[in-house]
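J.: Following this message is one structure expressed as structure tokens.
The values are calculated or read from the model by the stated rules, or taken from the named source; none is laboratory data. Predicted model, so just to flag it, every value in this text is computed and none were measured. Glycine also receives a Cβ, built like all others from the backbone with ideal geometry; neighbour counts cover every protein chain displayed. The area values use the complete protein model at the heavy-atom level, side chains included, leaving out ligands, DNA and RNA. Shrake-Rupley method; radii C 1.70, N 1.55, O 1.52, S 1.80 Å.
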Amino acid sequence: MRKLMGILLLVSLVALFAMPAVAQDVTIGYGAPELSGGQGVIMSGLVNAAEAKGWEVIASNANFDAEAQANQIDNFISQGVDAIVVVPVDSQAICSSVQRASDAGIPFYTIDRAPLGCEINMTVQSDNYMAGAQAAEGLVALLSERYGSATGTVLELQGDLGQNVAQLRGGGFNDYLADYPDIEIISRPTEWRAENFSQMTLDVASSTDIDAIYMHSDCVGTKVVTAALDQIGQLVGRGEDGHIFLLGVDGCPDALESIRMGYSDQASSQPLPDFGIITDWIQMEMEGAMIETGDVVQEGAPWSPATIADSDTGYMLNLATTSVNPDNVTSDALWGNQAGGADAQAEEDEMMAPVMEGVVIGYGAPELSGGQGVIMSGLVNAAEAKGWEVISSNANFDAEAQANQIDNFISQGVDAIVVVPVDSQAICSSVQRAADAGIPFYTIDRAPIGCEINMTVQSDNYMAGAQAAQGLVALLTERYDAATGTVLELQGDLGQNVAQLRGGGFNDFLADYPDIEIISRPTEWRAENFSQMTLDVASNTELDAIYMHSDCVGTKVVTAALEQIGQLAMRGEEGHIFLLGVDGCPDALESIRAGTSDQASSQPLPDFGIITDWINMELQGMMIETGDVIQEGAPWSPASIADSDTGYMLNLATTSVSPDNVTSDALWGNQAG
């Protein structure tokens, strides 16, 4: 194939990251195929990687619809994005969009799945052939241990064979087993849909004596396959007579928990959070170098060694997968353990009502920068763990667009609506329309203002602001022997209660310290505003500190702005400006470790999906009760449920992070980063 713009591949990624300054003002159009399984994790990884470069991501969700995805890509093209990154719904159908992007001069990349029948700049994906072969290797060992030879019958629950990922996962599995003719393979397509995983399991296992089930996606399949086997009396623990071996690809939290519990036996774990590495190649292609094939090695990375190969669809970076079994299932290196295993979920489930079946949630994201991708992933994972479906949308900061998306949820007759409001006041019109349709309404991360909903789950944002203020007082007192100085407060969107609370906690705490001057500037949560306000104020005022309502949005651009005007000094050096904030994003924690930031109030973002427990209760007619919510070991515990004029409010505790505890594994920013 032709050589694309690309990069010079070296044996070590040390060279990869020793690149020129990151191109600014880059906008990526990202197309998700859906957001069940690991897709929310993939999108979060891409958004985090792009945001770390100061780039913007405009995201869409096709909800399994190839035509919808094509329309969304056309929208990216019309907006003139700098690059398009897609997980194709259909690897062949995507080629029409590739051609239109090429005609517009926009580079095209895919992650997780390659196209079929056309050439793009690059695909980054797991080595899906390896993953399938790992599952087959595990199956041969299990059958040989049981029968003394590799013999038996396995049900292969395929993905969507219109996508190369399913073809490769099937190819690696079937090719490996070609050397074992006494193993019969019964293959059934599922289109990656949970209901199909369930029905095919019921159909085949009810009529055929099977020894094993191999799932092309354990994210989609584990819960529903084990439930189907339980339904027909065939769910038996490992080591017991009649146990059906369960194997799969992805390494989702559900699969790892099922291995720990003794129902599943193997999972080929993908390095899903690391797919965002494609942004490094996008950056370098924008700088005009060449891609060369060969090995990519990064010491300690779970996907290393990886390989770049030249193919008829463009360059392909295949990241290694990890075969997981009972011996290594507790490894912290597995993303499924970082994302939150089922131990905590099972503990919660014991306290909650039985799970309702067939529930569909409409989820409205306000945008997907900062921690919003992590929040959505947590919600989708929690819903999926209950066997529920999530239809999601992304408003890209547009309150009117969010209202239209919610109207679409209502017209589809979803069972509940969960939203992170773009505007906490404007959302009330949508709340009323949902109420008129009899659909319960919930928010996470931000409460409405001026209307009552069923429940909000959010961090204790007032606590988070007060933690930052408390840290500031200590820092100023250590520097000046008194709490005195000037701090720039970079506010969020004051039309949202989350910004009001983060500001309220900060300002109320500092009200007892009149010698600390606060200069407040609004940013609307936009990175360019964080940067500009820093430049404007720091250039004209001698600042001691900057408090960011979101360190996810602010850390990179604020430090860059300070460096631009020669005011980025390290902790302990003369002229150091204290940096504090709320969120606890990977960038903020890394900045604390590097010595440029000083404090972060870490939110328990991945745990906001806990709201599904209360949705489950209310759908079954149970009442929410106020009081403390305690879960031993949870970073958000103790939490509290209070009744407010906007409905029930579950406030999850935040953790104040400083140089002393910044390396803690309990912080989501260390798990995601």
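J.: Are there any pairs with C-beta distances below 8 angstrom linking a residue in segment 519-530 that is open to solvent by 20 Å² or more (accessible area, probe 1.4 Å) and modelled with pLDDT under 95 to a residue that is among the basic types (Lys, Arg) and not in a strand (DSSP E or B), with the two at least 6 apart or on different chains, and if so which?
T.: Close Cβ pairs (under 8 Å, with a partner that is among the basic types (Lys, Arg) and not in a strand (DSSP E or B)) amount to 527/556.
J.: Confirm whether residue 201 is more than 24 Å from residue 273 (Cα to Cα), touching a Leu at 6+ places or on another chain (Cβ under 8 Å), assigned to a helix (DSSP H, G or I) and open to solvent by less than 50 Å² (accessible area, probe 1.4 Å). Before the answer, list the steps.
T.: Details: more than 24 Å from residue 273 (Cα to Cα): yes; touching a Leu at 6+ places or on another chain (Cβ under 8 Å): yes; assigned to a helix (DSSP H, G or I): yes; open to solvent by less than 50 Å² (accessible area, probe 1.4 Å): yes.
Yes.
J.: Can you report the number of residues in segment 394-423 which are out of contact with any helix residue (DSSP H, G or I) (no Cβ under 7 Å at 6 or more places or on another chain), crowded, with 21+ Cβ neighbours inside 10 Å and of a type in the set (A, V, I, L, M)?
T.: Within segment 394-423, residues that are out of contact with any helix residue (DSSP H, G or I) (no Cβ under 7 Å at 6 or more places or on another chain), crowded, with 21+ Cβ neighbours inside 10 Å and of a type in the set (A, V, I, L, M) number 1.
J.: Suppose we keep only residues that are at positive phi and assigned to a loop (DSSP other than H, G, I, E, B) within segment 595-652. Which one would you say is most open to solvent (accessible area, probe 1.4 Å)? Break it down stepwise before answering.
T.: Keep residues of segment 595-652 that are at positive phi, which gives 595, 621, 627, 633, 647.
Now narrow it down to the ones that are assigned to a loop (DSSP other than H, G, I, E, B): 595, 621, 633.
On the way: 595: 6, 621: 64, 633: 80 Å².
By that ranking, first place goes to 633.
J.: Has segment 136-149 got any residue that is in contact (Cβ under 8 Å) with a residue 12 or more places away in the chain and over 22 Å from residue 264 (Cβ atoms)?
T.: Checking segment 136-149: at least one residue is in contact (Cβ under 8 Å) with a residue 12 or more places away in the chain and over 22 Å from residue 264 (Cβ atoms).
J.: Filter segment 320-330 for residues that are of a type in the set (Ser, Thr, Tyr) and out of contact with any Pro (no Cβ under 9 Å at 6 or more places or on another chain); which is farthest from residue 607 (Cα to Cα)?
T.: Of the residues in segment 320-330, the ones of a type in the set (Ser, Thr, Tyr) are 321-323, 330.
Checking which are out of contact with any Pro (no Cβ under 9 Å at 6 or more places or on another chain) leaves us with 323, 330.
Numbers: 323: 27, 330: 20 Å.
This residue is 323.
J.: Working only within segment 546-567, note down all residues that are surrounded by fewer than 24 Cβ atoms within 10 Å (Cβ to Cβ), under 23 Å from residue 479 (Cα atoms) and under 31 Å from the mean Cα position of the chain (by Cα).
T.: Passing the criteria: 559, 562, 563.
J.: Suppose we keep only residues that are more than 20 Å from residue 139 (Cα to Cα) and part of a helix (DSSP H, G or I) within segment 179-198. Which one would you say is modelled with the lowest pLDDT?
T.: Once the filter is applied, the top-ranked residue is 194.
J.: Right, another one. State which residue pairs qualify: first residue over 22 Å from residue 141 (Cβ atoms) and in contact (Cβ under 8 Å) with a residue 24 or more places away in the chain and inside segment 199-211, second residue open to solvent by 50 Å² or more (accessible area, probe 1.4 Å) and part of a helix (DSSP H, G or I) in any location, beta carbons under 8 Å apart, and separation of 6 or more residues or different chains.
T.: Filtered contacts from segment 199-211: 202/231.
J.: Take the residues of segment 653-673 that are exposed (fewer than 13 other Cβ atoms within 10 Å of the Cβ) and touching a helix residue (DSSP H, G or I) at 6+ places or on another chain (Cβ under 9 Å): which is modelled with the lowest pLDDT?
T.: Going through segment 653-673, the residues exposed (fewer than 13 other Cβ atoms within 10 Å of the Cβ) turn out to be 660, 663, 665.
Adding the requirement that they be touching a helix residue (DSSP H, G or I) at 6+ places or on another chain (Cβ under 9 Å) leaves 663, 665.
Values: 663: 91, 665: 80.
Only one residue tops the list, namely 665.
J.: Within segment 75-105, can you find the residues that are under 20 Å from residue 394 (Cβ atoms), open to solvent by 20 Å² or more (accessible area, probe 1.4 Å) and touching a residue at least 60 places away in the same chain (Cβ under 8 Å)?
T.: 82
J.: Just to be sure I understand, how many residues within segment 450-467 are outside any loop (DSSP other than H, G, I, E, B) and open to solvent by 10 Å² or more (accessible area, probe 1.4 Å)? Walk me through it before giving the result.
T.: Applying the first criterion (outside any loop (DSSP other than H, G, I, E, B)) to segment 450-467 yields 455-459, 461-467.
Subset that is open to solvent by 10 Å² or more (accessible area, probe 1.4 Å): 462-463, 466-467.
So the count comes out to 4.
J.: Sticking with this one: So, in segment 563-590, exactly how many residues are without any contact (Cβ under 8 Å) to a residue 40 or more places away in the chain and either in contact with a Gly (Cβ under 8 Å, 6 or more places away or on another chain) or outside any loop (DSSP other than H, G, I, E, B) (or both)?
T.: Residues of segment 563-590 that are without any contact (Cβ under 8 Å) to a residue 40 or more places away in the chain, as a first pass: 563-570, 572-577, 579.
After this cut, where a residue has to be either in contact with a Gly (Cβ under 8 Å, 6 or more places away or on another chain) or outside any loop (DSSP other than H, G, I, E, B) (or both) as well, the list is 563-564, 567, 569-570, 572, 579.
The qualifying residues number 7.
J.: A follow-up question, please. Restricted to segment 486-502, and to residues that are of a type in the set (Gly, Ala, Ser) and crowded, with 22+ Cβ neighbours inside 10 Å, which residue is nearest to residue 629 (Cα to Cα)?
T.: First, the residues of segment 486-502 that are of a type in the set (Gly, Ala, Ser): 492, 495, 499.
After this cut, where a residue has to be crowded, with 22+ Cβ neighbours inside 10 Å as well, the list is 492, 499.
Values: 492: 28, 499: 24 Å.
Applying the filter and picking the extreme gives 499.
J.: Right, another one. Those residues that are closer than 25 Å to residue 398 by Cβ, outside any helix (DSSP H, G or I) and either in contact with a Pro (Cβ under 7 Å, 6 or more places away or on another chain) or modelled with pLDDT of 95 or more (or both), I need them from segment 427-449; list them, please.
T.: Within segment 427-449, 437, 439, 440, 441, 442, 443, 444, 446, 448 meet the criteria.
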